[in-house]
1. When residue 63 is evaluated against the numbered criteria (1) closer than 27 Å to residue 12 by Cβ; (2) crowded, with 20+ Cβ neighbours inside 10 Å; (3) over 11 Å from the mean Cα position of the chain (by Cα), which criterion, by number, is the only one it fails?
2. Looking at (1) surrounded by fewer than 17 Cβ atoms within 10 Å (Cβ to Cβ); (2) among the small types (Gly, Ala, Ser); (3) modelled with pLDDT of 95 or more; (4) more than 17 Å from residue 132 (Cβ to Cβ), can you tell me which one residue 85 breaks?
3. Would the stretch 11-18 turn up any residue that is touching a residue at least 12 places away in the same chain (Cβ under 8 Å), surrounded by 16 or more Cβ atoms within 10 Å (Cβ to Cβ), of a type in the set (Lys, Arg) and part of a loop (DSSP other than H, G, I, E, B)?
4. Look through the stretch 45-77, keep the residues that are assigned to a loop (DSSP other than H, G, I, E, B) and not hydroxyl-bearing (Ser, Thr, Tyr), and return whichever of them is nearest to residue 128 (Cα to Cα).
5. Among residues belonging to the stretch 88-117 that are of a type in the set (A, V, I, L, M, F, W, C) and either in contact with a strand residue (DSSP E or B) (Cβ under 7 Å, 6 or more places away or on another chain) or in contact (Cβ under 8 Å) with a residue 60 or more places away in the chain (or both), point out the one that is surrounded by the fewest Cβ atoms within 10 Å (Cβ to Cβ).
Amino acid sequence: MPTVFTKVINGELPGRFVYRDDRCVAFLTIAPMQPGHTLVVPIEEYDHWLDLPPDLNQHLFAVSQKIGDAIQQVYSPEKVGLTIAGLEVPHVHIHLVPIWQIRDMDFDRQDTNPDPAMMDDAMEKIRDAVGWQPEE
């Protein structure tokens, strides 16, 4: 059965995409810890990051660096935090979060009802900083 991320990738569920290529996507999480909280997800489903082929792992981290640079440019945080937890969805995903203090990476502080205007604004700003626009 496809994961919720596969359904987002395939357009079966909505997603605020900031990047896409033939191997992975990046989209805003629906429950951000901070505005701009973005997930980098391989198109192919892998449950555990340790199972990723080395070339896909390298690609995901290269894309994460590109998206992280954009988040840094847009939000000017102290750092862009990165974590791979993987407990909530059995599909590898890298969390990129603008942070000013360690508690900004606390999953218990997720906003489960974020303002849609804030989310759309974050999507547009990160897309612009990455230099990516979806194909129409």
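The values are calculated or read from the model by the stated rules, or taken from the named source; none is laboratory data. Computed from a prediction, not measured in an experiment: that's the story for all the values here. Please note: Cβ atoms are built from the backbone with ideal geometry, for glycine as well, and neighbour counts cover all protein chains shown.
1. (3)
2. With respect to (1) surrounded by fewer than 17 Cβ atoms within 10 Å (Cβ to Cβ); (2) among the small types (Gly, Ala, Ser); (3) modelled with pLDDT of 95 or more; (4) more than 17 Å from residue 132 (Cβ to Cβ), residue 85 is out only on (3).
3. Of all residues in the stretch 11-18, those touching a residue at least 12 places away in the same chain (Cβ under 8 Å) come to 15-18.
Those still in the list that are surrounded by 16 or more Cβ atoms within 10 Å (Cβ to Cβ) too: 15-18.
The next check asks that each one be of a type in the set (Lys, Arg); those that pass are 16.
Those still in the list that are part of a loop (DSSP other than H, G, I, E, B) too: 16.
Among the residues of the stretch 11-18, at least one is touching a residue at least 12 places away in the same chain (Cβ under 8 Å), surrounded by 16 or more Cβ atoms within 10 Å (Cβ to Cβ), of a type in the set (Lys, Arg) and part of a loop (DSSP other than H, G, I, E, B), which makes the answer yes.
4. Going through the stretch 45-77, the residues assigned to a loop (DSSP other than H, G, I, E, B) turn out to be 45-48, 52-53, 76-77.
Filter again for not hydroxyl-bearing (Ser, Thr, Tyr), leaving 45, 47-48, 52-53, 77.
Details: 45: 28, 47: 31, 48: 31, 52: 29, 53: 30, 77: 18 Å.
Filtering first and then ranking leaves 77.
5. Checking each candidate, the answer is 107.
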